[in-house]
1. May I ask you to say which residue of A191, A99 is in contact with a Leu (Cβ under 7 Å, 6 or more places away or on another chain) and farther than 22 Å from G313 by Cα?
2. Could you identify the single residue in F96, F100, F122 that is at pLDDT 95 or above, open to solvent by 10 Å² or more (accessible area, probe 1.4 Å) and of a type in the set (F, W, Y)?
3. Specify which of the listed residues (D434, D468) is charged (D, E, K, R), farther than 15 Å from F392 by Cα and under 28 Å from the mean Cα position of the chain (by Cα).
4. With the requirement that a residue be assigned to a loop (DSSP other than H, G, I, E, B), open to solvent by 10 Å² or more (accessible area, probe 1.4 Å) and farther than 27 Å from F100 by Cα, what does the range 151-205 give you?
5. I need the full set of residues from the range 255-269 which are touching a helix residue (DSSP H, G or I) at 6+ places or on another chain (Cβ under 9 Å) and buried (at least 22 other Cβ atoms within 10 Å of the Cβ), in order please.
6. Checking S371 against (1) over 22 Å from the mean Cα position of the chain (by Cα); (2) open to solvent by less than 30 Å² (accessible area, probe 1.4 Å), only one condition comes out false. Which one?
7. So, G344, is that one modelled with pLDDT under 95 and open to solvent by less than 10 Å² (accessible area, probe 1.4 Å) or not?
8. Would the range 290-303 turn up any residue that is part of a loop (DSSP other than H, G, I, E, B) and open to solvent by 10 Å² or more (accessible area, probe 1.4 Å)?
Amino acid sequence: MRRIGILCLVTGALMLGGCSLGGQERGDTVAGSDIIIEKHTEEDIEEGPTAPSLSPEEATIEPLQLPELGTETNTVNPEIVIATDIHYLAKELTDFGSAFQEMDRNEDGKMASYVWEITDAFLNQVIDRRPQVLILSGDLTLNGERASQEALAQQLKRVEDAGIPVVVIPGNHDINNAKACSFIGEDRVPAEPTSPEQFARIYEEFGYGEALSRDPASLSYTYQLTDGTWLLMLDSCQYEDGALVGGMIRGETYQWIDEVMEEAWNQERKVIAVSHHNLLDESRIYEEDCTIEHSEELERKLDEWGIGLFLSGHLHVQHYKTSQRYAIDEIVTSALCVSPCQYGVLQFFGPENYYYATEVTDVTDWADQKSNPDRNLQDFGQYADAFLQEIFYNKARHELEGKGLSPDEIRSMAEIYAMLNVRAVGGRAYEIKDYVMATPYYELWQQYDRTSILCMYMNEILEDAVVDYNEKSRP
């Protein structure tokens, strides 16, 4: 790690739920598909009480209490699993009535009806992989319900019980969220939200109680992996006056970063930075509320300390980008609760020597093991793809209606828009780029209105569709 010096630097809508696209209602079936979208009958996943709480005083961690590293570091599994945007909901907060169904139809592709199955299947795969850590980079809950935080923490406990550390950071949905509610019959009933202090107590076993150092100004902290690598877990959320969508790093946090990175330099530690919001402008169309405010200052700070890899979520799209200013790569992992329900697996040996690839959560295998009769679970990949396509299809139809286009033109234009967006969410738009651009319906989009937000985003996807964003490595 290079040291260049210490400077005190003081220093947002997305296609899906992280930065937000308005959803549309869906019917019982998807056009051209035999996938049935219906309320499922799942085997309940047991949810218990939260992890033991600490008072704010007890939760304060003295800086840099360094654990001893094992002598046989060559036996450490180098894998790091990262997932993001679970949007978990405690089952006690819904009766699966009309209010819940309405929310599910309009949650921008988040599969609220299957979040329990997805999460359980994912955690099973993590336990089978036995990585040295599981990182969850924010938006842990649907809308920051305290009961949902506690229910998820209970699920994470079995990962820790299997000997796999779990570390978390909040997302913009998780703290002081006025939208926290339960779904009872036709009504949304306000539920208790989560304060910053409660968040740290609930996840005390999942990073906050094991931190090398805690930032007094935020929920940022540092965590040491078994192989000696440090995770710089950055709280990029704004929740002092209610939950805001956009992200920023507090001025006081920059001072804390200098303090911990000075120690990391002295200890010759490799460091990975993690936050919920994006460091770089991963999309030219959806920058506001996605990229961290004044991110150029954070870039400069990370570069000063030789941090060359940044992990984030929030975008609900699989993507990566290299800074134009500094030698920093950002990898954005797509949302676990959105098709294709994937997570990242990272092997990290340094900022110039790492390999990242995604894995898909096998919900169908989970259902087979549970003997779950839900037809949607029997081929969950096809169901999830059809579910997401319909969200985008309805969005495009709504945009195109009343614009003087024929029904056939509207249908075909909406179909290519949906097809392209589904591939982009999974980081694989390059697979159909040539096909889409060769269709007459792509040209109709250009003739209709090149300045519409949907057409602009479609063109950006096509311009950006040059690689598979599910794999990234150095060298």
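1. A191
2. Values: F100 fails: open to solvent by 10 Å² or more (accessible area, probe 1.4 Å); F122 fails: open to solvent by 10 Å² or more (accessible area, probe 1.4 Å).
Step by step, each of F96, F100, F122 is checked, and only F96 is at pLDDT 95 or above, open to solvent by 10 Å² or more (accessible area, probe 1.4 Å) and of a type in the set (F, W, Y).
3. Numbers: D434 fails: under 28 Å from the mean Cα position of the chain (by Cα).
Selected residue: D468, the only one of D434, D468 that is charged (D, E, K, R), farther than 15 Å from F392 by Cα and under 28 Å from the mean Cα position of the chain (by Cα).
4. A162, G163, P165 - these are the residues of the range 151-205 that are assigned to a loop (DSSP other than H, G, I, E, B), open to solvent by 10 Å² or more (accessible area, probe 1.4 Å) and farther than 27 Å from F100 by Cα.
5. Across the range 255-269, the qualifying residues are I257, M261.
6. (2)
7. On the way: modelled with pLDDT under 95: no; open to solvent by less than 10 Å² (accessible area, probe 1.4 Å): yes.
The answer is no for G344.
8. For the range 290-303, residues part of a loop (DSSP other than H, G, I, E, B) and open to solvent by 10 Å² or more (accessible area, probe 1.4 Å): present.
The values are calculated or read from the model by the stated rules, or taken from the named source; none is laboratory data. On a predicted model such as this, the values are computed, not experimentally measured, just so you know. Every residue, glycine among them, receives a Cβ derived from its backbone with ideal geometry; neighbour counts consider all protein chains shown. All accessible areas refer to the heavy atoms of the entire protein, side chains included, with ligands and DNA or RNA removed. Shrake-Rupley method; radii C 1.70, N 1.55, O 1.52, S 1.80 Å.
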